[in-house]
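Read-outs: derived from the displayed coordinates by stated rules, not from any lab. Keep in mind that what you see is a predicted model, and the values were worked out from it rather than measured. Quick reminder, even Gly has a Cβ in these numbers, built from the backbone with ideal geometry, and neighbours come from all protein chains shown.
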Amino acid sequence: MMGTYGNLVNELVIPAREARAFEVKRGQIFRIHQITGGQVGDCVFYNADDYREMFHVGQTWAINGILGTGTSKSFPHFYSKPPRENLMLTVVADTVRNHWGNMGGRCSRRLYALRDNLTEHRSCQENLTEALAPYGLTGDDVFDIFNVFMNVELHPDGRFTILPTQVKPDDYMDLRAEMNILAAVSACPADTSPTNNGKSNPLGIKIYQP
Ligand SMILES: [Zn+2]
């Protein structure tokens, strides 16, 4: 079911190992989609009218869990961080329903140095910082991440294992903006872990005006 929602008003390709920022008006629907398959995205979301209000992964997991609407891998309602806790986004379609929606982490220079002894590797933290710079935001503003398409097994003892993402070339997730949104999505450059099956690929964005 490749749904569409009226007029396509914008589309962009996020090159492999890079990030892009884009704005979505309240009521518009944006799609994060695969191009080659096998690619995870690291996403941040802000209230486009007040960047102090931003997506909070912990409260989102908590509220969806308490209300019985979702799990750490799939939930329909994305909330902003306390004290606001407003509904920011609603999932209207999702062909995957297996994401990593309870951590808020991302790959970073520090992480590649600690884990892989690499000092020059691009990272989602760095990518998102670059993409958001034109909006006056800095690395300190890159707060909680939604790890779209990321396949992680959470073990009963609290450990987790990163597994290869299962996404196919025609997979996508559609989200309706419940406020004016500034979004940034990084095509995760991870190639030293199973995250992207060892290779970074592009991602696509489409924005619809219903
Ligand atoms: Zn990453």
> For the pair Thr95 and Asn10, what calculated FRET efficiency results from E = 1/(1 + (r/R0)^6), where r is the Cβ-Cβ distance and R0 = 22 Å, to the nearest 0.05?
Replying inline: 0.55
>> Going by average Cβ density within 10 Å per residue, which order do the peptides 139-149, 13-23 take, highest to lowest?
In response: 139-149, 13-23
>> From the convex hull of the Cα coordinates of region 1-99, what is the mean projected area in square nanometres?
In response: 7.3
> So what is the relative contact order for region 73-196, in percent, with contacts set as C-alpha pairs under 8 Å and at least six apart?
Replying inline: 32
>> Just to confirm a number: summing +1 for Lys and Arg and -1 for Asp and Glu over residues other than Ser193 whose beta-carbon lies under 9 angstrom from that of Ser193, what do you get?
In response: -1
>> Over the Cα atoms of region 76-123, each weighted equally, I'd like the Debye log10 I(q)/I(0) at q = 0.18, 0.28, 0.29 Å⁻¹, rounded to two decimals.
In response: -0.77, -1.01, -1.05
> Looking at region 132-174, what % of the alpha carbon pairs are farther apart than 18 Å?
Replying inline: 55
> Listed highest first by mean packing, meaning other Cβ atoms within 10 Å per residue, what order do 38-45, 25-32, 179-186 come in?
Replying inline: 38-45, 179-186, 25-32
>> With the alpha-carbon atoms as the only input, what is the per residue convex hull volume for region 80-210 in Å³?
In response: 148
>> Can you tell me which aspartates and glutamates have their Cα less than 18 Å from the Cα of Lys73? Leave out same-chain residues fewer than eight positions away.
In response: Asp42, Asp94, Asp144, Glu153, Asp157, Asp171, Asp174
> Where in region 116-167 are there GluC sites (Glu not before Pro) that are in a DSSP coil and have at most 12 other Cβ atoms within 10 angstrom of their Cβ?
Replying inline: Glu120
> From the residues Asn98, Tyr5, Asn47, which one has its Cα farthest along the dipole of the chain in the positive direction, the dipole being from +1 and -1 charges on Cβ of Lys/Arg and Asp/Glu about the Cα centre?
Replying inline: Asn98
> Looking at the square roots a ≥ b ≥ c of the eigenvalues of the Cα gyration tensor of region 34-152, which shape do they give, rounded for a/c under 1.5, prolate if a/b is larger than b/c, or oblate?
Replying inline: oblate
> Which whole-Hz couplings ³J(HN,Hα) result when phi for each residue of region 76-82 is put into the Karplus expression 6.51 cos²θ - 1.76 cosθ + 1.60, θ = phi - 60°, listed in order with x for Gly and Pro?
Replying inline: x, 10, 10, 10, 7, 6, x
> Roughly speaking, what is the centre-to-centre gap between region 39-107 and region 168-185 when only Cα atoms are used, to the nearest Å?
Replying inline: 11
